[in-house]
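The values are calculated or read from the model by the stated rules, or taken from the named source; none is laboratory data. Everything numeric here is computed off the predicted structure, so don't read it as measured data. Glycine gets a Cβ as well: all are built from the backbone with ideal geometry, and neighbour counts include every protein chain shown. These accessible areas exclude ligands, DNA and RNA; they are computed on the full protein's heavy atoms, side chains included. Shrake-Rupley method; radii C 1.70, N 1.55, O 1.52, S 1.80 Å.
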Amino acid sequence: MVSLCAIARLLVVALLPLLFSFNATADEMTFRLVSNGGNCNGCEWIAADGEITSDSPAKLAALMAQGRYGSVVFNSPGGNLVASIQMGRAIRSAGYSTSVGETVEDDYGWHTTQDGICASACAFAFLGGTARYTDRGKIGVHQFYNDEAISRPDDQLFTAIDLSVNQYIEALLMEYALQMGVDYRFVLAAAATPPGNMHFLTESELHEWKVTFDPDSFGPWEIETWKSGVVAFSKSSDGKKTATVFCSDPRHPKLFISAIGTNFHEPFDPVSSYTTAVDALGLKIPASRVSMSEENGEYKLVLGLDGLKLAELKKADSLEVSAFNYAPRYAMPYFQFRLADEGAYENIRIALKNCI
């Protein structure tokens, strides 16, 4: 009988040559620090293009260590499976986001992205992003494989121990995906697709399996009872932000936003001289009707909604809360909440008819 320790050692050896690539002839992955020339959050990123190799994690880590870029944009057919997982974990540890797209130079010498691909092993590296976007590309998955096995498909190359190792690898991939907050069906889709094929995830699969993920996006509005009335609320995808609309009397509705870990500090304080007003739910709210407090890393904003017109909520495409028009540009990433419009009119209307 082979011990678990022996199988573990074999597992390490077996993983080294594993590929997970749709095109093994691609150039080795390169990393570039690029910018679109703007002065904004997201205007700079790390462009990761080519096939993932065993050297890729160290090269990526060296750039991320500079701490100036918060996003990695992948355009890759895949490559080394172990390296892709190492990259994904490093990306998550650094708090970077990921997206898909080919980074190209524009007419002005800056950079932009066009449609790209993140397939095979790249898909697992992509999962490391704290936020994950596929607006400019596709995510593809298939089975991991070994070059020797692919070149000699009819030979008897594997033993019972090899089968055990494969099961360990599947378990590791499943564990990794779950740790990244992604549904196990992502790994099942890869396991069900032969190496010579590619399953490109549909929009519904990307969303339902949480392969794409925006931690700052708010879900549909709901209502819940509170004291002697009800409130309308909406939560962000990461559960760290909550928006609540309520009233203590019909004349004075309020919007309360709780944000855990948001990087507010004095220059971004709505009641400071840096910000004169805040746009919220279709209203321009003067700083005098905005208050902010902080306790144990949780920031609490209360905005007076006097003059709120429910009819405007019914036809609104976006219910953003932002000081964009009234504060320095560098403050924007720290004071912007993209509230959902789904269920806003119906539930806020109920809350404002049943004040607490």
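Beta carbons closer than 7 Å, at least 6 apart along the sequence or on distinct chains, pair a first residue in segment 332-345 that is within 14 Å of LEU310 (Cα to Cα) and open to solvent by 70 Å² or more (accessible area, probe 1.4 Å) with a second that is modelled with pLDDT of 85 or more and not acidic (Asp, Glu) for ASP341/LEU319; GLU342/PRO220; GLU342/TRP221.
With the structure loaded, tell me whether ILE7 is open to solvent by less than 30 Å² (accessible area, probe 1.4 Å), modelled with pLDDT of 90 or more and among the β-branched types (Val, Ile, Thr) or whether it fails that test. No, not satisfied. Mind checking which residues of segment 217-248 are of a type in the set (Ser, Thr, Tyr) and open to solvent by less than 50 Å² (accessible area, probe 1.4 Å)? Hits for segment 217-248 are SER217, SER234, SER236, THR242, THR244. Selection within segment 180-216: residues that are polar (S, T, N, Q) and open to solvent by 40 Å² or more (accessible area, probe 1.4 Å). The member of this set that is modelled with the lowest pLDDT is ASN197.
In summary, strands (runs of 3 or more DSSP E) completely within segment 261-356 and bearing 1 or more residues that are hydrophobic (A, V, I, L, M, F, W, C), over 17 Å from ARG251 (Cα atoms) and modelled with pLDDT of 80 or more occur at 277-280, 290-295, 298-304, 319-322, 336-339. Of everything in segment 200-220 that is part of a strand (DSSP E or B) and out of contact with any Ser or Thr (no Cβ under 6 Å at 6 or more places or on another chain), the residue that is nearest to ILE350 (Cα to Cα) is PHE213. Condition check for ILE223 on (1) of a type in the set (Val, Ile, Thr); (2) free of Cβ contacts under 8 Å to residues at least 40 places away in the same chain; (3) in a strand (DSSP E or B): one failure, at (2). A count restricted to segment 99-139 and to residues that are touching a Gly at 6+ places or on another chain (Cβ under 7 Å) and closer than 19 Å to LEU81 by Cβ stands at 12. Restricting segment 11-50 to residues that are modelled with pLDDT of 80 or more and in contact with a His (Cβ under 9 Å, 6 or more places away or on another chain) leaves a set whose member that is most open to solvent (accessible area, probe 1.4 Å) is ARG32. Within segment 121-179, the set of residues being of a type in the set (A, V, I, L, M, F, W, C), at pLDDT 90 or above and surrounded by fewer than 17 Cβ atoms within 10 Å (Cβ to Cβ) comprises MET174, LEU178. Do we find that VAL100 is crowded, with 16+ Cβ neighbours inside 10 Å, under 24 Å from ASN197 (Cβ atoms) and in contact with a strand residue (DSSP E or B) (Cβ under 8 Å, 6 or more places away or on another chain) in this structure? Taking the combined requirement at face value, the residue satisfies it.
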